[in-house]
1. Which residue pairs have Cβ atoms closer than 6 Å, lie 6 or more positions apart in sequence or on different chains, and pair a first residue in the stretch 75-102 that is of a type in the set (Ser, Thr, Tyr) with a second residue that is within 10 Å of the ligand (Cβ to nearest atom) and part of a strand (DSSP E or B)?
2. Filter the stretch 132-161 down to residues that are modelled with pLDDT of 95 or more and in contact with a Gly (Cβ under 8 Å, 6 or more places away or on another chain) and give me whichever is nearest to Met1 (Cα to Cα).
3. Return yes or no: is Pro181 surrounded by fewer than 18 Cβ atoms within 10 Å (Cβ to Cβ) and within 11 Å of the ligand (Cβ to nearest atom)?
4. Name the residues in the stretch 2-55 that are at pLDDT 95 or above and at positive phi, would you?
5. For the stretch 10-41, how many residues are away from the ligand (no atom under 16 Å from the Cβ), assigned to a loop (DSSP other than H, G, I, E, B) and open to solvent by less than 20 Å² (accessible area, probe 1.4 Å)?
6. Can you find even one residue in the stretch 156-171 that is of a type in the set (Ser, Thr, Tyr), in contact with a Cys (Cβ under 9 Å, 6 or more places away or on another chain) and buried (at least 21 other Cβ atoms within 10 Å of the Cβ)?
7. Which members of the stretch 78-123 meet the condition of being on the phi > 0 side of the Ramachandran plot and either open to solvent by less than 10 Å² (accessible area, probe 1.4 Å) or assigned to a strand (DSSP E or B) (or both)?
8. Pairs, please: C-beta under 9 Å, at least 6 apart or cross-chain, first residue free of Cβ contacts under 8 Å to residues at least 40 places away in the same chain and in the stretch 140-155, second part of a loop (DSSP other than H, G, I, E, B) and not β-branched (Val, Ile, Thr)?
Amino acid sequence: MRPLATGETIVIASHNPGKVREIAALLEPLGFSVVSAGELGLPEPVEDGATFTDNALIKARAAASASGRVALADDSGLCVAALDGAPGIHSARWGGPEKDFARAMRLVEEELQAKGAVTPEQRRAHFACALALAWPDGAAETFTGEVHGRLVWPPRGEKGFGYDPVFVPDGHDITFGEMEPEKKHAMSHRARAFAKLLDALRAAKDGS
Ligand code: IMP
């Protein structure tokens, strides 16, 4: 990866203040300054990639070229094996305009039922996260993380968001919705992708 200077400003290519705060808390201890695409008034590009990585790259490159700074974007979602990877990159869209994830979880369950997927093995799923770090000239680095498990019904737990109440990670009996957030954050797809990014950033700062 290209070297990055201490104090370098990284643009977070997100208009979601919660996400920006979370990412800033990871990058600032490494000595980077953080500003969001929202604060800079950057336009949101159309996410028409075919994969999580494509969409993260589209967002990071758009923010980097518009701001003239290094930019970081993420994209994530739930992939259900029996549904050929759906909802996948459309995970947010399955919540509808109201971002109603009770509805999105029900839709996933209806499709699983239609396929006769009843055993834990037939109900395998994973969360995926892709991160892209892009430079204004279009150069980029990407990092991915996944957490695998199975889907249960009905939804359980109020602690998470999105599809958390129906996802039980491998090696556990409780859903992400029932799990303490610190525990989820230590094993999640996002945590795994960020661990790889932070390793690369540390190395880039040392000039290696
Ligand atoms: P985006 O990456 O912000 O576009 O979000 C994609 C969608 O995937 C979210 O709206 C959630 O529905 C779903 N998703 C991503 N990560 C998680 C997670 O950790 N738990 C539950 N749902 C998630």
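The values are calculated or read from the model by the stated rules, or taken from the named source; none is laboratory data. Everything quoted here is computed from the prediction, not taken from an experiment. Neighbour counts are summed over all protein chains in view; Cβ atoms, including those assigned to glycine, are modelled from backbone coordinates with ideal geometry. For the accessible areas, the whole protein counts, side chains as well, though only heavy atoms, and no ligand, DNA or RNA atoms are used. Shrake-Rupley method; radii C 1.70, N 1.55, O 1.52, S 1.80 Å.
1. Pairs found: Ser76/Cys129; Ser91/Gly77; Ser91/Leu78.
2. This residue is Pro136.
3. On the way: surrounded by fewer than 18 Cβ atoms within 10 Å (Cβ to Cβ): yes; within 11 Å of the ligand (Cβ to nearest atom): yes.
It is true that Pro181 is surrounded by fewer than 18 Cβ atoms within 10 Å (Cβ to Cβ) and within 11 Å of the ligand (Cβ to nearest atom).
4. Residue satisfying the conditions is Gly41 alone.
5. 1
6. no
7. Within the stretch 78-123, just Gly88 meets the criteria.
8. His148/Asp170; Gly149/Asp170; Gly149/Gly171; Gly149/His172; Gly149/Phe176; Arg150/Asp170
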